[in-house]
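Taking it in order: structure first as C-alpha cells, then the write-up.
The values are calculated or read from the model by the stated rules, or taken from the named source; none is laboratory data. None of the values given here were measured: they were computed from a predicted structure. Cβ coordinates were reconstructed from backbone atoms using ideal geometry, including for glycine residues, and neighbour counts include every protein chain displayed.
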Amino acid sequence: MLKSLVLGAILGGLTAFVWSFISWDLLPWHEKQLRSFQNEDEVSAVIAAHAPESGNYLLPTGPSQEGMSPDQKKAAQEIRMQKMQKGPLVFAAVHREGFGSFPRVLLTQLLCQMFAALLLTWMLLQTSGLSYARRVAFLAIAGLAASVIADLPNWNWWGYSAAYTFVYLIDYTLTWLLAGLVIAKSVKPHTAAAPGGSL
C-alpha cells in the first residue's frame, strides 16, 4: 500500500502539474474568462491606498458592528443588503507584496498537486473489484466533485461567472482524469472477499 501511495502521489502529482501548465499557459480558456479594469493603474492605486494589508476583501461589508445594539445591527445589515443588491459586489484576494518568486510558486503548486494525488490514491485504495477504466473514472469524478464543492459556491455567492465556473469544472475533471490514468496503473486493485471469508 505504501508503494502505491508514493507512486500515486509522485506520478499523479507530476501528471496533474504538467496538465495544469498546458491548461493555463498553452490553452486560452482560463485567460478568456478574466476581465480587465479600464484603468488598471488607477484601480491599483485605489486598492493600495484602501487595503492596508494583504488578505481577502469583501465589498460591501459595512461598518464594524462591534458595540452596536441589536436594532443598530439590524439597520446596518439592511443597509449592507441594499448595497449588495445594488452592486457592485467584489470578493478579492489582495497581495500587496506582489507575486514574489515564480519558482517558489511553481514548487508549491507541484507539492499541492502531489498532496492531492496522495489523497486520491488513498481513496482509490479503499475500493475493490474495479477495472482499470473504472478506477480512472473514479478519480475523474473525484476531480469533478472537488470543483463542485469549491467552485459552485463561489458562482452562487460571489458572482463568479458561469463560463469561468464551467471552465474550472471541466479543467478539474480533465486534470484528475489524466492523472487518474497514471494513478490507476500504480494502484493494485483489491479483490472482493469471498462470502463468509475472514475479515
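For this structure, a couple of remarks:
- Counting only helices (runs of 4 or more DSSP H) that sit completely within segment 1-88, those holding 2 or more residues that are modelled with pLDDT of 90 or more, among the hydroxyl-bearing types (Ser, Thr, Tyr) and within 21 Å of Ala140 (Cβ to Cβ) correspond to 2-21.
- Residue in segment 161-177 that is within 14 Å of the chain's Cα centre (by Cα) and under 23 Å from Leu59 (Cα atoms) present: yes
Let's see how each residue does on (1) of a type in the set (Phe, Trp, Tyr); (2) on the phi < 0 side of the Ramachandran plot; (3) more than 20 Å from the chain's Cα centre (by Cα):
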residue	(1), (2), (3)
Asp25	no, yes, no
Ile47	no, yes, yes
Gly55	no, no, no
Gly62	no, no, yes
Gln77	no, yes, yes
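- Selection within segment 80-91 - without any contact (Cβ under 8 Å) to a residue 40 or more places away in the chain and surrounded by 13 or more Cβ atoms within 10 Å (Cβ to Cβ): Arg80, Lys83, Met84
- Segment 163-185 residues that are more than 12 Å from Asp151 (Cα to Cα) and among the hydroxyl-bearing types (Ser, Thr, Tyr), paired with ones that are assigned to a helix (DSSP H, G or I) and at pLDDT 95 or above (beta carbon under 6 Å, 6 or more apart): Thr173/Ala140; Thr173/Gly143; Thr173/Leu144; Thr175/Ala16; Thr175/Trp19; Thr175/Gly143
Yes/no matrix, rows are residues, columns are (1) surrounded by 11 or more Cβ atoms within 10 Å (Cβ to Cβ); (2) more than 28 Å from Leu181 (Cα to Cα); (3) without any contact (Cβ under 8 Å) to a residue 12 or more places away in the chain; (4) of a type outside the set (Phe, Trp, Tyr):
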position	(1), (2), (3), (4)
Ser20	yes, no, no, yes
Pro28	no, no, yes, yes
Ser36	no, yes, yes, yes
Ser44	yes, yes, yes, yes
Ala48	yes, yes, no, yes
Ser54	yes, yes, no, yes
Glu66	no, yes, yes, yes
Pro70	no, yes, yes, yes
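- Selection within segment 114-130 - assigned to a helix (DSSP H, G or I), out of contact with any Leu (no Cβ under 9 Å at 6 or more places or on another chain) and in contact (Cβ under 8 Å) with a residue 24 or more places away in the chain: Phe115, Ala116
Table: residues versus (1) on the phi < 0 side of the Ramachandran plot; (2) modelled with pLDDT under 95; (3) outside any helix (DSSP H, G or I); (4) surrounded by fewer than 17 Cβ atoms within 10 Å (Cβ to Cβ).
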| position | (1), (2), (3), (4) |
| --- | --- |
| Gly98 | no, yes, yes, yes |
| Cys112 | yes, no, no, yes |
| Phe138 | yes, no, no, no |
| Val148 | yes, no, no, yes |
| Tyr172 | yes, no, no, no |
| Val182 | yes, no, no, no |
| Ser198 | yes, yes, yes, yes |
